[in-house]
Amino acid sequence: MTDTAATTATPEDTGPMLAADGTPLKRSLARALRAQKMRALALIAPLLIFVLLTFIAPIVDMLFRSVENQIVSDTLPRTTLALKDWDDSTGDLPGDDIFFAAYQDIFLAAEAKTHTRLGTRLNYEFTGVSSLFRKSGRGLDDIGEVYQDAFKDLDKDWDKGAPWVELMGSDDFVAEAQAWEKGDALPEFELRDGMADLLPLTAVAYEDFARFQRVEEEKSLLKEEPWTLVHTMLFRDLQAQDVSGYSGPRAEMLKAADALVDGGELPPLDVRTTFEKIDKDWMDVDVWETIKMYSPNYTNGYFLNAVDMQKTPDGPAWRDDDERIYGLLFKRTMFMSLVITFSCIALAYPVAFLLSNLPARTANLLMILVLLPFWTSLLVRTSAWKVMLQQQGVINDVLVWIGLVDDANRLVMINNQLGTIIAMTHILLPFMILPMYSVMSTIPQTYVRAAKSLGATNWTAFWRVYFPQSVPGIGAGSILVFILSIGYYITPEIVGGTTGTFISNRIAYHISSSLNWGLAAALGTILLAVVLILYWAYDKIVGIDNVKLGG
Amino acid sequence: MTLTKTLLATTCLTFVAGIAGAESHGNMADSMTIVSWGGAYQQSQIKAYAEPYMEANPGVTITWDESSNEAVAKLRAQSEAGNITWDLVDVEGPDSQRLCDEGLAMEIDFNEVLAEGDDGSSAEDDFGPSVINECFIPQIVFSTTFGYRTDVAEWNGATPDSVCAIFDTETFPGKRSLEKRPKKNLEWALLCDGVAKDDLYDVLDEDGGVERALAKLDTIKDQVVWWSAGADTPQLLADGEVVMGSTYNGRLFSVIEEQKQPVAMLWDYEVFDFDGWIIPADLPEDRLNRVLDFVKFATDTQRLADQAKYISYGPARASSQPLVGQHADLGIDMAPHMPTNPANQKNFLVNNIEWWSDNQDDVESKFQSWLVK
């Protein structure tokens with residue numbers, strides 16, 4: 001202590017204060033503190049890692065889906081690249097090269113069976129793409145079949161696996177492939193030197209084919225005849241390239257095919273017409289615009305959909321009136337959650353007040369009455385409200401019996417907003433009562449008595465002395481009930497009809513029925529953001545320190 | 001210590017049992033997880049398929065899961081997590097299309113995987129029109145149709161004999177229940193708006209076609225209670241909340257014949273749907289072999305006919321129809337209650353699955369937006 005005082009008094013005289021081992025005290029202290037922190041961190045590490053892995057990571061992953069859009073460029077890599085240079089503002093269809101790229105992409109996707117998945121994805125944005133891709137996957141084989149048949153007629157070897165391997169593969173690969181036996185790992189395909197220059201398109205297509213056979217099918221190339229795509233590419237290459245200089249294996253076979261192609265008897269390659277034959281929708285510029293618009297790896301499309309807008313070539317635009325729904329549902333969810341919260345406050349306050357002012361024995365007994373419904377299944381409670389509220393239900397029957405309501409004009413209390421509000425208020429009531437009770441039971445009764453003895457009326461004593469002290473309980477209960485209610489979906493689904501459903505019902509629909517998880521994630525993200533904003537606003541207005549769950 | 005030992009012992013036992021099992025059945029797993037809809041329907045599957053199968057294959061255990069109504073989402077989640085825990089999943093036709101498109105269901109070679117009909121017809125011919133895509137193994141034909149109360153005083157003795165009675169609030173006053181989905185409702189609305197059955201999807205495809213159907217539904221909108229679970233309409237009918245409503249014919253059968261409520265069934269333009277199995281894609285070989293073995297057994301002519309003893313859904317095989325007998329408990333003839341019964345098929349609709357898979361998202365948002373206004 002004296003040393004420290006001395007150091008602060010004359011630091012320049014003595015230099016930094018040293019610890020016993022000669023290091024500066026400041027550093028030594030910092031090290032000790034760091035070690036302590038690390039130890040503390042190590043102690044909570046298992047829990048922290050558990051929470052991160054099982055709670056935070058899935059949520060982040062789910063929310064991330066609201067912008068993720070790799071599927072388009074993954075499935076159609078060549079097409080999306082080619083579409084970059086396509087000017088969609090002219091209203092003209094893309095050029096032949098883009099159709100050619102789409103042919104390659106969709107053919108490969110169809111072999112891997114990913115084309116229908118992409119179709120489903122793009123169908124969210126443009127109606128009809130789903131069946132368009134499904135049909136195209138089946139139909140694109142027709143393009144290459146012409147050439148496959150022609151080559152086969154010329155030489156049976158074009159229809160077999162082994163001659164192709166000899167032509168396209170390097171000598172090493174041919175040897176490995178021949179030595180391969182069932183059960184071994186399949187050798188990796190290696191292209192013959194010079195083949196990439198001699199037959200560039202064929203080489204790429206054949207490499208794709210080889211990779212697919214090795215990884216997906218796990219079959220030897222020697223036994224598998226190549227896809228019709230490879231034959232189409234061979235036709236294109238033979239048209240453009242001069243193969244007379246080639247002298248490797250299968251040179252005769254290749255030259256004969258070249259002669260056939262140069263003879264000009266084969267029909268010219270016309271990918272565009274085939275696409276048109278498969279479905280005339282391919283001649284619709286909007287289809288290509290949709291693909292181009294959703295080419296990037298990340299998209300704001302889901303978020304636009306979630307606020308009733310859509311992507312158009314000219315930027316975001318509002319949806320048609322008859323397709324707008326989410327804005328309305330967000331507003332309704334907020335409004336009804338507020339109504340539910342306030343009705344919970346109104347009902348819970350007297351109950352909590354009573355509970356906290358009764359002798360402990362009676363209070364505990366009454367508390368069981370509060371908790372008993374809380375422990376009952378949610379579905380049972382909701383269905384019970386159906387029995388109570390429906391037009392032929394208990395309440396209406398009683399009202400008709402005592403003559404308050406005419407039998408022909410029974411009250412409609414369910415399948416509308418009223419039904420949702422009643423049922424959810426009941427279901428969420430314990431979440432309001434419990435924090436209120438725990439706050440109220442700590443308010444000393446002497447305060448109210450003191451107020452009264454100083455001349456306050458009952459009301460003044462309650463309003464000026466008791467109520468302000470119970471506000472933290474109201475705050476805690478309100479936050480709980482409000483946040484729980486905006487995420488509720490089972491109860492609104494059962495008793496809400498059409499006017500009493502929440503945004504969460506649409507989220508549930510997109511998660512489990514339409515499988516549009518991107519849109520569901522976007523809606524969920526917006527909901528989360530709204531909650532955070534409200535929480536922030538609450539903190540600003542009321543102050544989060546005023547929230548107490550007890551004590 | 002004890003825990004470790006127990007764990008070790010269990011692991012060893014499982015391992016040994018696994019080897020023994022593998023030897024005794026060739027390369028087949030000893031257990032299966034089958035997913036279905038729960039309730040009376042799943043019970044009928046257990047009685048008709050699973051119990052006889054387990055009798056013939058002692059040592060096989062079948063675990064049942066009741067998650068079919070969220071099967072598509074759960075299968076996708078399982079596949080993304082790389083851990084498929086289900087071996088066989090019962091889904092409706094349109095869901096199977098989605099699963100097939102997403103690559104989550106295995107494609108089937110019908111004639112190889114399924115038994116041929118006992119009249120010698122090939123599996124593909126025997127199943128006929130119920131084969132709707134490459135992944136779907138049909139089991140039953142069900143229909144969505146209308147039930148109505150038989151004791152409504154305001155109707156003055158009139159009984160509905162046409163599906164258009166739902167739009168006729170003059171003759172048949174009272175509330176109706178319809179499904180909270182556009183599918184089927186749009187078709188019925190257009191039919192009653194004067195569109196011929198064969199033109200339904202052409203009209204829906206036109207600009208304004210969906211709007212026309214919604215406009216027709218608009219005429220009864222304030223009289224409709226919308227349902228989302230199959231059990232809703234039976235309850236609403238039984239409680240007198242609605243005077244008529246759509247639901248699955250099996251549900252109506254149980255209200256009418258088992259619970260003896262004053263309700264009758266309307267067989268007019270009922271919508272046929274298929275329900276069946278899909279096998280998740282990329283199952284390990286031993287589990288796949290077991291499932292294929294089970295499916296071959298469970299979808300043969302006799303088994304499909306047996307199921308009709310427990311529930312009033314029609315077998316998907318043509319060759320099973322003549323074998324449909326009596327209800328196991330009630331002892332009544334089941335054939336007249338089958339959607340496949342010719343007398344019940346004077347007028348019927350089949351959903352165009354392709355049209356719906358294209359237009360589902362678009363129409364759904366229009367429908368929901370109409371609904372909330």
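Listed values, structure above:
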{"read-out": "Residue-by-residue Karplus 3J(HN,Hα) for the stretch A:145-153, coefficients 6.51, -1.76, 1.60, Hz, glycine and proline x", "value": "4, 4, 6, 4, 5, 5, 5, 5, 5"}
{"read-out": "Pairwise FRET efficiency - B:Val350 versus B:Ala231, Cβ, R0 = 25 Å, nearest 0.05", "value": "0.55"}
{"read-out": "DSSP beta bridges in the protein assembly as shown [antiparallel fraction, %, rounded to 5]", "value": "65 percent"}
{"read-out": "Restraint check, B:Lys216/B:Lys260; A:Lys386/B:Lys183; B:Lys221/B:Lys366, Cα-Cα greater than 22 Å", "value": "B:Lys216/B:Lys260; A:Lys386/B:Lys183"}
{"read-out": "Ascending count of other beta-carbon atoms within 10 Å, so fewest first, for B:Ile278, B:Ile353, A:Ile544", "value": "A:Ile544, B:Ile353, B:Ile278"}
{"read-out": "Proximal charge balance of A:Asp321 [Cβ under 14 Å; K/R count +1, D/E count -1]", "value": "-1"}
{"read-out": "Shielding by partners - mean other protein chain Cβ count within 10 Å, residues of A:123-133", "value": "4"}
{"read-out": "In the stretch B:259-302, trypsin sites (Lys or Arg not before Pro) in a DSSP loop with at most 11 other beta-carbon atoms within 10 Å", "value": "B:Lys260"}
{"read-out": "With Cα atoms, 0 to 90° folded angle of helix A:467-486 axis to chain A main axis", "value": "20 degrees"}
{"read-out": "Residues A:Ile414, A:Ile71, A:Ile433 arranged by fewest to most Cβ contacts within 10 Å", "value": "A:Ile71, A:Ile433, A:Ile414"}
{"read-out": "Average projected area [Cα convex hull, chain A], square nanometres", "value": "50.0 nm²"}
{"read-out": "With at most 12 other Cβ atoms within 10 Å, longest stretch of chain A clear of loop GluC sites (Glu not before Pro) (DSSP)", "value": "A:266-551"}
{"read-out": "Per residue, the convex hull volume that the Cα atoms of the protein assembly as shown enclose (Å³)", "value": "313 Å³"}
{"read-out": "Choice from B:Lys309, B:Lys184, B:Lys74 with maximal GNM fluctuation in chain B (Cα, 10 Å cutoff)", "value": "B:Lys74"}
{"read-out": "Furthest towards positive pole of dipole, A:Ile494, A:Thr460, A:Ile422, structure part the stretch A:399-545, Cβ charges", "value": "A:Thr460"}
{"read-out": "FRET efficiency for A:Lys255 and B:Asp207, using Cβ-Cβ distance with R0 set to 56 Å, rounded to 0.05", "value": "0.50"}
{"read-out": "Sites B:Thr85 and A:Asp320, calculated FRET efficiency, Cβ-Cβ separation with R0 51 Å, nearest 0.05", "value": "0.75"}
{"read-out": "Estimated [θ] at 222 nm from DSSP helical runs (n ≥ 4, -39500 (n - 2.57)) normalised by residues in chain B, nearest 500", "value": "-11000 deg cm²/dmol"}
{"read-out": "Length released on extending from A:Ile345 to A:Ile44, taking residue separation times 0.36 nm less the Cα-Cα span", "value": "104.6 nm"}
{"read-out": "Spacing of the two label points (7 Å from each Cα toward its C-beta) at A:Val471 and A:Ala30, in nm", "value": "4.4 nm"}
{"read-out": "Magnitude of the charge dipole, the stretch A:326-546, Cβ model with Lys/Arg +1 and Asp/Glu -1, debye to 20", "value": "360 debye"}
{"read-out": "Amide H partners (placed H, <5 Å) of B:Ser177, local residues excluded", "value": "B:Val225, B:Met244, B:Gly245, B:Ser246"}
{"read-out": "Extension gain, A:Asp242 back to A:Ile483 (0.36 nm per residue minus Cα-Cα distance, nm)", "value": "79.6 nm"}
{"read-out": "Nearest-20 debye value, the protein assembly as shown charge dipole, Cβ charges on Lys, Arg, Asp, Glu", "value": "6960 debye"}
{"read-out": "Value of relative contact order over the stretch B:132-231, rounded to a whole percent, pairs C-alpha under 8 Å and six or more apart", "value": "29 percent"}
{"read-out": "Length-normalised contact order for chain A - Cα pairs under 8 Å, 6+ apart - percent", "value": "15 percent"}
{"read-out": "Spatially proximal lysines relative to A:Lys113 (Cα-Cα < 16 Å; intrachain offsets below 8 disregarded)", "value": "A:Lys135"}
{"read-out": "Point-to-point label distance, B:Glu257-A:Ala20, nm (Cα→Cβ direction, 7 Å offset)", "value": "9.2 nm"}
{"read-out": "Helix axis angle, A:360-375 relative to chain A longest principal axis, alpha carbon, degrees", "value": "20 degrees"}
{"read-out": "Cα-based convex hull volume of chain B per residue, rounded to whole Å³", "value": "171 Å³"}
{"read-out": "Assigned charges on the beta-carbon of Lys, Arg, Asp, Glu; the stretch A:66-189 dipole about Cα centre (debye)", "value": "740 debye"}
{"read-out": "Other protein chain Cβ atoms within 10 Å, averaged over every residue that makes up A:382-394", "value": "2"}
{"read-out": "Amide H within-cut-off set for B:Asp268, under 5 Å, with H built and near neighbours excluded", "value": "B:Phe146"}
{"read-out": "Degrees, to the nearest 10: A:417-440 long Cα axis against longest axis of chain A", "value": "60 degrees"}
{"read-out": "In the stretch B:173-217, the GluC sites (Glu not before Pro) that fall in loop regions by DSSP, at most 15 other Cβ within 10 Å", "value": "B:Glu206"}
{"read-out": "Backbone HN-Hα couplings from phi across the stretch A:196-207 [Karplus 6.51/-1.76/1.60, Hz, Gly and Pro as x]", "value": "5, 8, 5, 10, x, 5, 4, 4, 5, 5, 5, 5"}
{"read-out": "All lysines inside 25 Å of A:Lys156 as judged from Cα atoms, apart from same-chain residues fewer than 8 positions distant", "value": "A:Lys219, A:Lys223, A:Lys255"}
{"read-out": "Chain A: calculated mean residue ellipticity at 222 nm from DSSP helix runs of at least 4, using -39500 (n - 2.57)", "value": "-20000 deg cm²/dmol"}
{"read-out": "Long-range HN-HN contacts of A:Gly95 with modeled amide H, under 5 Å", "value": "none"}
{"read-out": "Under the Karplus curve 6.51 cos²θ - 1.76 cosθ + 1.60, θ = phi - 60°, whole-Hz ³J(HN,Hα) for the stretch B:69-86, x wherever Gly or Pro sits", "value": "6, 10, 4, 5, 5, 5, 5, 5, 5, 4, 5, 5, 7, x, 9, 7, 9, 9"}
{"read-out": "Ranking of B:Cys164, A:Cys344 by count of other Cβ atoms within 10 Å, fewest first", "value": "B:Cys164, A:Cys344"}
{"read-out": "Among B:Thr61, B:Thr145, B:Thr301, residue whose mean-square fluctuation peaks in a GNM of chain B (springs only between Cα atoms under 10 Å)", "value": "B:Thr61"}
{"read-out": "Label-point separation, B:Asp161 to B:Lys221 (7 Å along Cα→Cβ), nm", "value": "3.3 nm"}
{"read-out": "Selection from B:Pro94, A:Ser356, A:Ala522, by position along the positive dipole direction of the protein assembly as shown (Cβ)", "value": "A:Ser356"}
{"read-out": "Mean separation of Cα contacts under 8 Å (6+ apart) over length of chain B, as relative contact order %", "value": "24 percent"}
{"read-out": "Dipole of the stretch A:66-297, positive direction: furthest Cα of A:Val243, A:Val285, A:Ala256, with charges on the beta-carbon", "value": "A:Val285"}
{"read-out": "Cross-link reach list, aspartates and glutamates versus A:Lys84, counting only Cα pairs under 17 Å and skipping chain neighbours closer than eight places", "value": "A:Asp74, A:Asp92, A:Asp96, A:Asp97, A:Asp105, A:Asp286, A:Glu289, A:Asp314"}
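Read the figures in this text as sums done on the coordinates, not as results from a lab. Treat the numbers as computed from the prediction; the structure is a model and nothing was measured. Counting neighbours? That spans all protein chains shown, and the Cβs are built from the backbone with ideal geometry, glycine included.
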